[in-house]
1. Just grab the label-to-label distance for Lys19 and Lys37, each label 7 Å out from Cα along the Cβ direction, in nm (one decimal).
2. If you find the alpha carbon centre of region 47-63 and of region 64-121, how far apart are they in angstrom?
3. Tell me which residues come under 5 Å, amide H to amide H, from Val24 once H is placed; ignore anything under 5 positions away on its chain.
4. How large is ³J(HN,Hα), in whole Hz, for each residue of region 82-92 in order, when computed from phi with the Karplus curve 6.51 cos²θ - 1.76 cosθ + 1.60 and θ = phi - 60°, using x for Gly and Pro?
5. Can you list residues whose amide H is under 5 Å from Val53's amide H, if they're 5+ apart or on another chain and H is modeled 1.01 Å from N?
6. Whole-Hz Karplus ³J(HN,Hα) for region 26-37, in order, using 6.51 cos²θ - 1.76 cosθ + 1.60 and θ = phi - 60°, x for Gly and Pro?
7. Carbon and sulfur: what percent of the chain's accessible surface (1.4 Å probe)?
8. Which entry in (i) 46, 16, 7; (ii) 28, 15, 12; (iii) 23, 16, 13 is this structure's computed semi-axes √(5λ) of the Cα gyration tensor in Å?
Amino acid sequence: MILQESGEMYLETILILSKRGKAVRSIDVSEYMGFSKPSVSRAIGLLKTGGYVVMDDHDGHLTLTDTGRAVAENIYEKHTILSRFLMDLGVDETTATEDACKMEHVISDTSFAALKKHAGL
């Protein structure tokens, strides 16, 4: 399954929410992203089918698989570094964060590695 940008956003959201130390449920993803419960349910179903997420049958908690975590960590790193890079260039935080969110899905790993190297990261 080739992951679309929206799938990457869901995985990144699950990662961010899990870093807060609480179990993540679909409703948490829905509230964080501002999407409807049916939309999130459908997306989570696709991510489960693709092997990116597992859902506990008992309590509905979402867990990233190793593959899902790798994708989420990659996107999150790109978002974080691109945001910081843009702010270092003088872009305001809101714009930098919004632009980084768009860029993180299209920048190649090669270009991102070069950008990190240039920034001394």
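The values are calculated or read from the model by the stated rules, or taken from the named source; none is laboratory data. On a predicted model such as this, the values are computed, not experimentally measured, just so you know. Positions of Cβ are backbone-derived with ideal geometry, glycine not excepted, and every protein chain shown enters the neighbour counts. Side chains included, ligands, DNA and RNA excluded: accessible areas come from the protein's heavy atoms. Shrake-Rupley method; radii C 1.70, N 1.55, O 1.52, S 1.80 Å.
1. 2.9
2. Using only Cα atoms to place each centre, the spacing works out to 26 Å.
3. Here the answer is Leu62, since their amide H atoms fall under 5 Å of that of Val24.
4. Ordered by residue, 3J(HN,Hα) equals 5, 4, 5, 4, 5, 5, 4, 7, x, 6, 5 Hz.
5. Lys48, Thr65
6. Listing the rounded values in order: 4, 5, 5, 5, 4, 5, 5, 8, x, 9, 5, 4 Hz.
7. Answer for the chain is 53 percent, counting heavy atoms of protein chains only.
8. (ii)
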